[in-house]
Amino acid sequence: MMNESAHTIMSSDLITITPDRNLTEVRKIFLTNRIHHLPVTVGKKLVGLVTTYDLWRRSFAPSEYDNIIVKDVMSTDLAKISPNDKIGSAAEIFLDNRFHALPVVDEENNLLGMVTSFDVLLYEFKKEYPNPILFKHLFEPKEPQAASRAT
């Protein structure tokens, strides 16, 4: 049932940030783009991930964000998948680890995309309900987003 490759459901037009930026910039990206996972890159290489949970868990006051650098709070021990790994593998990783985003990388650790638990849920929902009454916008073909890349 979930034997398609992860690249078929991954988001590839990602917003990223570099390790030398501060948490004020991270917070702004989270709020303005309604995302919860922000890949940290150097060039195309994935070096970490910052999440809304990371900010909440550390209990930083927003007044401190200007003085806190991404590299000091990002997670670096990441579960990752390749574009040819199966959607079912992503689902299993989500269930086993209780997190909600997996970076998709190539053999050189270049960031290619991201698969979220929502992507997996939507994939299964579309198979079961090809003509939904609600959420029709989720079934329209994806158009490239004009999201800016944070650097």
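A short reminder: the numbers here are calculations on the coordinates, not readings from a lab. Since the model is a prediction, treat every value here as computed from it, not as a measurement. Heads up, the Cβs are rebuilt from the backbone with ideal geometry, glycines too, and the neighbour counts pull from every protein chain shown.
Results, tabulated for the structure shown:
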item	result
Dipole magnitude (debye, nearest 20) for the chain, charges at Cβ of Lys, Arg, Asp, Glu	340 debye
In sequence order, calculated HN-Hα J values of segment 36-44 (Karplus, 6.51, -1.76, 1.60; Hz; x Gly/Pro)	10, 9, 10, x, 9, 10, 10, x, 9
Among 106-112, 7-13, the order from most to least packed when residues are scored by Cβ within 10 Å on average	7-13, 106-112
MRE, 222 nm, helices only [DSSP H, n ≥ 4, -39500 (n - 2.57), over the chain, to nearest 500]	-8000 deg cm²/dmol
Dipole of segment 6-139, positive direction: furthest Cα of Ile133, Leu38, Val73, with charges on the beta-carbon	Ile133
Relative contact order %, segment 6-139, counting alpha carbon pairs below 8 Å whose residues are six or more apart	28 percent
Fully extended contour minus Cα-Cα distance, from Asp13 to Lys71, at 0.36 nm per residue	18.6 nm
Packing-based ranking, highest mean first, of 26-37, 43-54 given that Cβ atoms within 10 Å are counted	43-54, 26-37
Of [x] 48, 35, 29; [y] 41, 32, 28; [z] 84, 38, 26, the label for Cα extents along the principal axes in Å derived from the coordinates	[x]
Neighbour net charge for Tyr65 - beta-carbon separation under 14 angstrom, K R +1, D E -1	-1
Degrees separating the helix 87-97 axis from the principal Cα axis of the chain, which is the longest one	50 degrees
Added length on full extension, which subtracts the Cα-Cα distance from 0.36 nm per residue, Lys86 to Asn22	19.6 nm
The chain: angle of helix 117-128 to the longest principal axis, Cα-based, in degrees nearest 10	10 degrees
Candidates Ala79, Ala101, Ala90: whichever shows maximal mean-square fluctuation once the chain is modelled as a Gaussian network with Cα springs under 10 Å	Ala79
